[in-house]
1. Out of all the residues in region 43-69, which are touching a helix residue (DSSP H, G or I) at 6+ places or on another chain (Cβ under 9 Å) and either under 11 Å from residue 110 (Cβ atoms) or in a loop (DSSP other than H, G, I, E, B) (or both)?
2. With within 29 Å of residue 258 (Cβ to Cβ) and touching a helix residue (DSSP H, G or I) at 6+ places or on another chain (Cβ under 7 Å) as the only criterion, which of 230, 225 stands out?
3. Would a scan of region 257-267 turn up a residue that is touching a strand residue (DSSP E or B) at 6+ places or on another chain (Cβ under 6 Å) and assigned to a strand (DSSP E or B)?
4. Hey, could you check region 227-241 for residues that are part of a helix (DSSP H, G or I) and surrounded by fewer than 20 Cβ atoms within 10 Å (Cβ to Cβ) and say which is farthest from the chain's Cα centre (by Cα)?
5. Can you name the residue in region 70-100 that is part of a loop (DSSP other than H, G, I, E, B) and touching a residue at least 40 places away in the same chain (Cβ under 8 Å) and, of all such residues, is nearest to residue 110 (Cα to Cα)?
6. Looking at region 75-82, can you tell me whether even one residue there is surrounded by 21 or more Cβ atoms within 10 Å (Cβ to Cβ), modelled with pLDDT under 90, farther than 30 Å from residue 197 by Cβ and under 27 Å from the mean Cα position of the chain (by Cα)?
7. Taking the conditions exactly as written (touching a strand residue (DSSP E or B) at 6+ places or on another chain (Cβ under 6 Å), assigned by TED's automatic domain parsing to the domain that holds residue 150 and either closer than 23 Å to residue 156 by Cβ or at pLDDT 90 or above (or both)), does residue 191 satisfy them or not?
8. Quickly run through region 243-254 and pick out the residues that are at pLDDT below 90 and either in a loop (DSSP other than H, G, I, E, B) or surrounded by 15 or more Cβ atoms within 10 Å (Cβ to Cβ) (or both).
């Protein structure tokens, strides 16, 4: 008498196959999701990549990008991926697989296992310029914090040079906390960050604290009265009614008398300074009125520079 087929064993085999397929699909989906969350990161020479092809484990590969930006794959040869996001590189490999008739509907995932350059170089007007190791993308604020933050004369317009492409991205570090914590711009391993020096104007002569004052507020502006306040105002020995504005004009200077005392009283409108402007407040002694623009400019060159208005 023929033996009845064991349907229970057959069902177990089917379930095992389904579980294997679902597990593979889940793994591929997770890897793809990770790749998509980091798609702002660009692949560069020397990066180690992990390539997965769904349901085709024999095509899985770990390969390093060459100096000329190519990814050597055992099944496709060289594929140029430098400057692409992992997601874009995956789509390119899928296209090559289709064009070379290896697969009809490939599903490829590419992830960066390690970066050739994991340091980010921070230079310019920060407390501690240098190279700092980061393994994942970080916010601009995070990276600047690693370098000790901005110094007193830093411009808030930060330039980021992308690793691999050389693309330059501008970022404004606002004094407004809500804007400063903006995560839309990230710094990736291998990027370079430059914080330039802020523009400076000078308050010289008979004032409380003569020196240069940086334009460090959100508007990158400084007015005459703001700078006078930062300089500690004028003592009784000063003659603010005879103050002079010295402005660079090519290789020379232009001079203009300004009524600081009338500005302080509200009789004359305040005005916005230009970078490198100099305001000289003479002493009340007549002999000091003979100081010329070249002498004032010379004094500005050796003056201490202080942080300006921050708001």
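1. 43, 49, 50, 51, 52, 53, 54, 55
2. 225
3. yes
4. Across region 227-241, the extreme among qualifying residues is 241.
5. 85
6. No, region 75-82 contains no residue that is surrounded by 21 or more Cβ atoms within 10 Å (Cβ to Cβ), modelled with pLDDT under 90, farther than 30 Å from residue 197 by Cβ and under 27 Å from the mean Cα position of the chain (by Cα).
7. Answer is yes for this residue.
8. Within region 243-254, 248, 250, 251, 253 qualify.
The values are calculated or read from the model by the stated rules, or taken from the named source; none is laboratory data. Computed from a predicted structure; not experimentally measured. FYI the Cβ positions are ideal-geometry reconstructions off the backbone, even for glycines, and counts take in every protein chain you see.
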